[in-house]
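The values are calculated or read from the model by the stated rules, or taken from the named source; none is laboratory data. Treat the numbers as computed from the prediction; the structure is a model and nothing was measured. No Cβ is skipped: glycine too gets one built from the backbone with ideal geometry, and neighbour counts run over all protein chains shown.
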Amino acid sequence: MSVSQTIEAKLRAAFAPEYLEVVDDSETHRGHGGYREGGETHFNVVIRAAAFNGLSRVARQRAVNRALAEELSGPVHALALKVDGTT
């Protein structure tokens, strides 16, 4: 399973999002710190889930970081997040 697929699977399992987008943005970081040939080092994630309702922006991001702790301590160099609750 690729890093992108692992991120998506873990976020779906942890938060049952109504919307989830995981984009491998590694190629735009070629030549920068943390870039590795083959990508899967830099990601943009947009997630919207009822699990985030009532949480502050920081608490939402911390919840995502906890769910992806293994990836963040290994193959993922950078993770840009947009985390929202449902309306």
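How many residues are farther than 15 Å from Ser2 by Cα, buried (at least 17 other Cβ atoms within 10 Å of the Cβ) and not small (Gly, Ala, Ser) when one looks only at the range 40-50?
3
Return the only residue of Glu8, Glu37, Glu21, Glu27 being modelled with pLDDT under 95 and either under 22 Å from Arg60 (Cα atoms) or in a helix (DSSP H, G or I) (or both).
Values: Glu8 fails: modelled with pLDDT under 95; Glu37 fails: either under 22 Å from Arg60 (Cα atoms) or in a helix (DSSP H, G or I) (or both); Glu21 fails: modelled with pLDDT under 95.
So the residue among Glu8, Glu37, Glu21, Glu27 that is modelled with pLDDT under 95 and either under 22 Å from Arg60 (Cα atoms) or in a helix (DSSP H, G or I) (or both) is Glu27.
Tally time: how many residues in the range 51-81 are surrounded by 13 or more Cβ atoms within 10 Å (Cβ to Cβ) and of a type outside the set (Val, Ile, Thr)? Reasoning before the result, please.
Our first condition is that a residue be surrounded by 13 or more Cβ atoms within 10 Å (Cβ to Cβ); within the range 51-81, this holds for 51-52, 55, 60-65, 67-68, 71-72, 75-79, 81.
Pick out the ones that are also of a type outside the set (Val, Ile, Thr) and you get 51-52, 55, 60-63, 65, 67-68, 71-72, 75, 77-79, 81.
Residues flagged as surrounded by 13 or more Cβ atoms within 10 Å (Cβ to Cβ) and of a type outside the set (Val, Ile, Thr) within the range 51-81 amount to 17.
Considering only residues that are in a strand (DSSP E or B) and among the aliphatic types (A, V, I, L, M), which ones fall in the range 64-84? Quick ask: steps written out before the conclusion?
Within the range 64-84, the subset in a strand (DSSP E or B) is 78-84.
Selection gives Ala78, Leu79, Ala80, Leu81, Val83.
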